[in-house]
Each structure stands twice: as C-alpha cells, then as structure tokens.
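One structure is given here, and the rest of the page talks about it.
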Amino acid sequence: MDLQTFIVNRIEKIKDVRGISTSELARRSNISRIRLTRILSGERDLKAAEMVWLCVALSVPIEALLPESTSRRAATPNQGTAARQKADRC
C-alpha cells in the first residue's frame, strides 16, 4: 500500500468513527466536497496543505494519518545515527 492510500484510509476511518460525513468534513476543512471526494476515491493526490486542513477539521495531529515508521523518521530528519538511536530508545 502506498503512502497516499494509507493516509486516505486513515482519514476515512477517523471520519467514520466520529460520524462525520464527507460533506461535513469538506465544510470543516474548507475543501470543496467534489475535491475531497476525488481525494478519498484516489482520483486526485492529497496536497500537504489539504492534509493539514483535514487534520485540523478532524482534530487529530498529523502523525495520526501517517504510518508509525514515517512519523518517527519525520521527527528526526537531520540527526546523526547516534541521535536517532537515542530517540528510538525513548
């Protein structure tokens, strides 16, 4: 599964658990319903800004949409090996 599909699946799951319709999520995130529907169906790529808007609309941190290994790497992008190993132990 690619990252885009993973993120869309997470958005759908959170949306469903919270009982938020696609139309309501579109309204809350200020993304048009048609655009959001295309993103969720895989017809259109999700832009970084849209991902942030969706996180705000769903009241979740951006890490909630990312695979754990991706969010862990993103937290330490420019650190050396020793610093990364120390961060992994935390």
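Couple of notes before you dig in:
- Between amide H atoms placed 1.01 Å from N, distances below 5 Å from Arg44 occur with Ile39, all of them 5 or more places distant or on a separate chain.
- DSSP-assigned coil residues among trypsin sites (Lys or Arg not before Pro) in the stretch 1-54, each with at most 13 further Cβ atoms within 10 Å: Arg18, Lys47
Coordinate-derived values only; no laboratory data. Just so it is clear, the structure is predicted and the values come from calculations on it, not from any experiment. Note: ideal-geometry Cβ built from the backbone for every residue, glycine included; neighbour counts use all protein chains shown.
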